Amino acid sequence: MRSLPTRSLPLVLLLWAAGASCGRTPPPAPDLVARIGPEEIRYGRFEEYVKRTAGDGETVLAGPVLSQLFDQFLDEELLSRLAIDRGLAREGASAALRRKAVDAMLASSMQNPAETEIAAWYQAHRDELARPERVRLRQILTEDRATAERALREISAGADFAQVARKLSRDPGAASGGFQGELSRQDLPPAFAEVIFALEPGEVSTLVPAEYGFHIFQVVARSPAQVMPLEAAREEIVERLRRENADRSLASLVEEARRRYNVEVVDRNLPFEYRGSYKRHA
């Protein structure tokens with residue numbers, strides 16, 4: 001079959017087609033994943049962020065997690081831009097220097113909690129600062145009843161509990177006289193707690209059998225339940241309030257940066273479904 005004869009397109013159509021082609025916006029590069037104003041963000045920068053944030057292991061992150069990380073990555077990029085515009089870092093600074101500048105910006109926006117704020121937090125969270133009743137405890141642990149009964153006889157005859165523990169106990173704390181530290185009921189198995197918290201300071205229990213041997217307990221001292229005093233809790237309260245202030249400062253700076261800079265996500269170039277809060281490329 002003969003091929004149909006070709007015809008030359010009129011010159012005016014060729015010029016029109018060329019003009020239309022020149023007028024169209026070229027598609028984004030395949031590794032372009034976002035724009036912050038005129039700045040183009042490549043996928044490699046996000047990969048570095050993921051390695052730094054989530055580790056460089058072999059764990060495969062799910063799409064929703066990557067989407068959330070991508071928004072956090074863009075937030076960090078915006079904060080870097082804000083730090084540069086505030087004169088805290090120069091244009092073209094390394095990623096490490098930009099992160100330091102962001103940290104400095106956050107630090108300058110934070111305030112130490114006032115005394116009234118510390119006192120108000122203490123009053124509102126007294127239940128969290130309550131300490132349960134506690135005992136300072138020693139124990140002797142033996143593998144067989146005969147050794148346990150020998151230990152109990154020696155103590156009943158006036159021998160020092162700690163010395164007997166060093167001699168006969170198989171507990172890891174034997175070298176320190178069987179000392180177990182200061183413990184609450186919640187720190188102990190219920191069956192042990194019932195025996196131990198029935199003892200007065202200096203009093204020694206009878207044999208307490210267990211799956212792995214026999215215990216003898218001595219309560220050295222008791223501390224009543226109490227609410228931690230404000231001065232004792234001050235350091236913990238200040239640290240909590242500083243973290244809360246830091247979170248608020250960070251949220252405020254991110255909000256300012258999102259208003260200030262135009263961000264567009266080229267989601268079709270991302271290897272996961274983007275479900276974040278930034279505007280997508282049309």
Two-decimal ratio, segment 133-224, of alpha-carbon radius of gyration to 2.2 N^0.38 Å: 0.98
Calculate, for Arg234 and Arg150, the FRET efficiency according to 1/(1 + (r/R0)^6) with r their C-beta to C-beta distance and R0 35 Å; round to the nearest 0.05. 0.10
With 0.36 nm assigned to each residue of separation and the Cα-Cα distance removed, Ser109 to Arg136 gains 5.2 nm
Which helices pass in the chain if a helix is a full DSSP H run, must span at least 15 angstrom along its long axis by Cα, and must have mean Kyte-Doolittle hydropathy not below 1.6? 11-23
Two-site label geometry, Arg185 and Ala124: point separation in nm, points 7 Å out along Cα→Cβ: 3.0
Assuming 0.36 nm per residue, please report the length gained on full extension of the stretch Arg90 to Arg258 beyond their Cα-Cα distance. 58.4 nm
Loop sites in segment 51-129: trypsin sites (Lys or Arg not before Pro), DSSP, at most 12 other Cβ within 10 Å: Arg86, Arg90
So what are the chain's ellipsoid semi-axes, whole angstrom, largest first, if each one is the square root of 5 times an eigenvalue of the alpha-carbon gyration tensor? 71, 28, 15
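So how do 103-110, 137-144 stack up, highest first, on mean other-Cβ count within 10 Å? Don't skip to the end; give the middle numbers.
Details: 103-110: 13.6, 137-144: 20.8.
Result, highest mean first: 137-144, 103-110.
Bear in mind these aren't lab numbers, they're just calculated from the coordinates by the rules spelled out. Just so you know, these numbers come straight off a predicted model, no measurement behind them. In this analysis, Cβ positions are derived from the backbone assuming ideal geometry, glycine residues included, and neighbour counts consider all displayed protein chains.
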